[in-house]
1. What do you get for GluC sites (Glu not before Pro) in segment 1-93 restricted to DSSP loop and a cutoff of at most 14 other Cβ within 10 Å of the site's Cβ?
2. With both partners inside the chain, how many of the DSSP beta bridges are antiparallel, as a percent to the nearest 5?
3. In debye, nearest 20: dipole of segment 52-132 around its Cα centre with unit charges on the Cβ of K, R (+) and D, E (-)?
4. With θ taken as phi - 60° and the coefficients 6.51, -1.76 and 1.60, list the Karplus ³J(HN,Hα) couplings across segment 14-27 in order, rounded to whole Hz; mark glycine and proline as x.
5. Under 16 Å Cα to Cα from LYS119, which aspartates and glutamates show up? Leave out anything in the same chain fewer than 8 places away.
6. For the Cα atoms of the chain, what angle does the longest principal axis make with the long axis of helix 45-57, in degrees from 0 to 90, nearest 10?
7. With a cut-off of at most 16 other beta carbons within 10 Å, and DSSP calling the residue loop, which trypsin sites (Lys or Arg not before Pro) in segment 103-132 qualify? Please list them.
8. Got a sec to turn the phi values of segment 88-99 into Karplus ³J(HN,Hα) couplings, 6.51 cos²θ - 1.76 cosθ + 1.60 with θ = phi - 60°, whole Hz, x for Gly and Pro?
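Nothing in this text is a laboratory measurement; each read-out follows from the coordinates by a stated rule. Just so it is clear, the structure is predicted and the values come from calculations on it, not from any experiment. All Cβ positions, glycine included, derive from the backbone under ideal geometry; neighbour counts span all protein chains shown.
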Amino acid sequence: MGYSFRAYGHPNITGKHRTTFEFTKDSEVTLKGDCIVGVKADFSLKGIKEFIQNSIKNNNKKIKIIIKTDGKEEIVHAELNPSFNSDREMVVRKSGFLDGRTLAVKADKAASDLKTGIKPDSVVEIVIDTTL
């Protein structure tokens, strides 16, 4: 069973970062945050931790992150970080760097690879699920 949440576009989302992408609960971001691909994210730390625990319990750290917006869909494959612990930011990294903000590592895409074209008025649907 996957986990889903929503985020939203913003005029300062550039999606240019080459090694990460991020969803934040912040409603305002600057152009410096070039990894941010969604603001006002409504994920729940409790809910995402339950998903992580169930995935690990079932011996599955491999995930797919489905990002849908404006009729387009992007799928990112990555590996869960069992120590994810942020109630504000959710970062996905191509590298193996782990910290409490990192949901997943070894991702096959970063912000600059996403072709969804998130616009300021976009609603972004995110589904995180395990892969088989």
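1. Values: sites: GLU22, GLU28, GLU50, GLU73, GLU74, GLU79, GLU89; in loops: GLU28.
Passing sites in segment 1-93 are GLU28.
2. Values: 28 of 32 bridges.
DSSP beta bridges in the chain are roughly 90 percent antiparallel.
3. Values: 14 positive and 12 negative charges, 54 e Å.
Roughly 260 debye, rounded to the nearest 20.
4. 10, x, 9, 5, 9, 10, 9, 9, 9, 10, 10, 7, 4, 9
5. GLU22, GLU28, ASP34, ASP70, GLU73, GLU74
6. 40 degrees
7. Details: sites: LYS106, LYS109, LYS115; in loops: LYS106, LYS109, LYS115.
Filter output for segment 103-132: LYS106, LYS115.
8. Going residue by residue, I get 10, 10, 10, 10, 10, 10, 6, 7, x, 5, 10, 8 Hz, with x marking Gly and Pro.
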